[in-house]
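Following: one structure in structure tokens, then a few remarks.
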Amino acid sequence: MKKVVYISWMPLSEKVERDWYISYLQEHGVPVEYWDVTSLLFSEVRFQPSLNRDYLVAVTSYKQLQSLLIGCQGGDANFVMLVNYESRFNRLYRMLSTYGCRLFFFEWGNFPIKARSRTGKYATLLRHPSKFIREVWGKLSTLVGSKLMPVKPFDVVFTAGYASFAMHPRAGKKVPVNLCDFDNYVRTKDVDQRLIPGRYCVFLDINLAYHSDLKLVGWDFVTPSEYVASLERFFGMLEERYHVQVVIAAHPNANYGDLYFGRKAFKGATPELVRDAEFVISHHSTAISYAVLNRKSLLFIYTTEMERIYRDTIVGWMGDFAEYLNQPLYNIDKVQRAETIELREPDPERYDLYKYNYLTTPESEHSFTRDIFLAEMKA
């Protein structure tokens, strides 16, 4: 049986083991290695340490990577890429192409995001010269590299939803699957056990003020004190307006403990929290899937500082989400009275469109992705 080699830009965690089916493969006798290339690709960023596992390999140089690839020659390995193909990772992908690696990729987590104008994009970059230089250099190196050493297309792409299926036209094979959030929804939707008694709404936290991923893409952080104060004020108005308590679906990397602004915070329980909530509050998150699947009203929110920093990214994307799902969007710093906050009933047509474009397809919705994936790894 071929071993499965994950090449990842994420340190190994229990969540990674679960969400990327590592534990499931091992339970079914598939040998696994996890090549952690975070230090290789992001030497300037400090990450949380990986779990201590005997199948973990920390890759810190391209020479080491080359040696590992030589050891895998002969077609005895399937490579699952947890590194998106981007210009800044050309060297990694060229090396994998050189050694003829059989590459698998999950195309999921896509959203109904509109293309922002190039003028706006480059105006933003020009305000940050170092980012502009990296952008130009990346495009030049991609152009030159693609001519001198072409990168092979993925051999197999697992696609969640019709929008994902339309991507990767050069892929050798495309296999319909579900976004992991869809499978989590199926597993929990009929469980008759509430985490929170009484009426509540849930905020889908993205750890915005501290998220390490922002460093990877070169974005600025919001000011924690201002961000927290804005959320606290708005949550208070929501509780007054709708007679609910606000609870927090904490981001996996957040370190809030059990309380967030004095409110209950839960990790690893987002499907259950959304299932029983009256409505959902969100910035921009894949966890919006749970609100869509459970037919929950959504409030998309941002602050004035967020608009200044993320106008063409997070805040712009929230506008796209709100328009696509026909749900309201608020700058919470401009909300002065609780009675002006209005929920909107879920739009079944728009919610179904989102479901089948971005979460699942009729071909896969009655199966679990882990089983589809396992079958391909054993084929």
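The values are calculated or read from the model by the stated rules, or taken from the named source; none is laboratory data. As the structure is a prediction and not an experimental result, all values here were calculated from the model. Cβ: placed from backbone, ideal geometry, glycine included. Neighbour counts: every protein chain shown. What goes into the accessible areas is simple: the full protein's heavy atoms, side chains included, and nothing from ligands, DNA or RNA. Shrake-Rupley method; radii C 1.70, N 1.55, O 1.52, S 1.80 Å.
Quick notes
- Among the residues listed as 346, 328, 362, the single one being over 17 Å from the mean Cα position of the chain (by Cα) and within 21 Å of residue 164 (Cβ to Cβ): 362
- Screening residue 246 with (1) closer than 28 Å to residue 112 by Cβ; (2) surrounded by fewer than 18 Cβ atoms within 10 Å (Cβ to Cβ); (3) over 20 Å from the mean Cα position of the chain (by Cα) gives one miss only, at (2).
- Restricting the stretch 195-221 to residues that are open to solvent by 70 Å² or more (accessible area, probe 1.4 Å) and assigned to a helix (DSSP H, G or I), the residue that is modelled with the lowest pLDDT: 215
- Residues of the stretch 222-237 that turn out to be touching a strand residue (DSSP E or B) at 6+ places or on another chain (Cβ under 9 Å) and either outside any helix (DSSP H, G or I) or farther than 15 Å from residue 282 by Cα (or both), as a count: 1
- A residue that is surrounded by 20 or more Cβ atoms within 10 Å (Cβ to Cβ), touching a Leu at 6+ places or on another chain (Cβ under 6 Å) and not hydrophobic (A, V, I, L, M, F, W, C) can be found somewhere in the stretch 259-282.
- Annotation note: Cβ proximity below 7 Å between a residue of the stretch 280-293 that is in contact (Cβ under 8 Å) with a residue 60 or more places away in the chain and a residue that is of a type in the set (D, E, K, R) and open to solvent by 10 Å² or more (accessible area, probe 1.4 Å) (sequence gap 6+ or interchain) occurs for 280/296; 286/181; 287/181; 289/181; 290/181; 292/355; 293/355.
- One residue stands out in the stretch 165-180 among those that are within 23 Å of residue 285 (Cβ to Cβ) and at pLDDT 95 or above: the one that is surrounded by the most Cβ atoms within 10 Å (Cβ to Cβ), namely 177.
- Sub-6 Å Cβ pairs linking a first residue in the stretch 224-240 that is more than 13 Å from residue 336 (Cα to Cα) to a second residue that is of a type in the set (Lys, Arg) and at pLDDT 95 or above, at least 6 apart or interchain, number zero.
- Selection within the stretch 293-337 - in contact with a Ser or Thr (Cβ under 9 Å, 6 or more places away or on another chain), open to solvent by less than 10 Å² (accessible area, probe 1.4 Å) and of a type in the set (Ser, Thr, Tyr): 303
- Residue match in the stretch 94-102 (condition: closer than 30 Å to residue 362 by Cα and modelled with pLDDT of 90 or more): yes
- Of the criteria (1) part of a helix (DSSP H, G or I); (2) touching a strand residue (DSSP E or B) at 6+ places or on another chain (Cβ under 6 Å); (3) open to solvent by less than 20 Å² (accessible area, probe 1.4 Å), which one residue 372 fails: (3)
- Residue pairs whose Cβ atoms lie under 8 Å apart, sitting 6 or more positions apart in sequence or on different chains, and linking a residue in the stretch 345-363 that is among the polar types (S, T, N, Q) to a partner that is in a helix (DSSP H, G or I), are 357/162; 357/163; 360/182; 361/162; 361/165.
- Looking across 129, 224, 153, one residue alone is modelled with pLDDT under 85, over 18 Å from residue 292 (Cα atoms) and not β-branched (Val, Ile, Thr). It is 129.
- Residue match in the stretch 85-103 (condition: surrounded by 15 or more Cβ atoms within 10 Å (Cβ to Cβ), touching a helix residue (DSSP H, G or I) at 6+ places or on another chain (Cβ under 9 Å), polar (S, T, N, Q) and within 30 Å of residue 327 (Cα to Cα)): no
- Check on residue 30, closer than 23 Å to residue 1 by Cβ and within 20 Å of the chain's Cα centre (by Cα): no
- Residue 350 vs. criteria assigned to a loop (DSSP other than H, G, I, E, B), surrounded by fewer than 19 Cβ atoms within 10 Å (Cβ to Cβ), at pLDDT 95 or above and on the phi < 0 side of the Ramachandran plot: no
- Helices (runs of 4 or more DSSP H) within the stretch 1-80 that include 1 or more residues aliphatic (A, V, I, L, M) and either under 21 Å from residue 181 (Cα atoms) or open to solvent by 40 Å² or more (accessible area, probe 1.4 Å) (or both): 14-19, 22-27, 62-71
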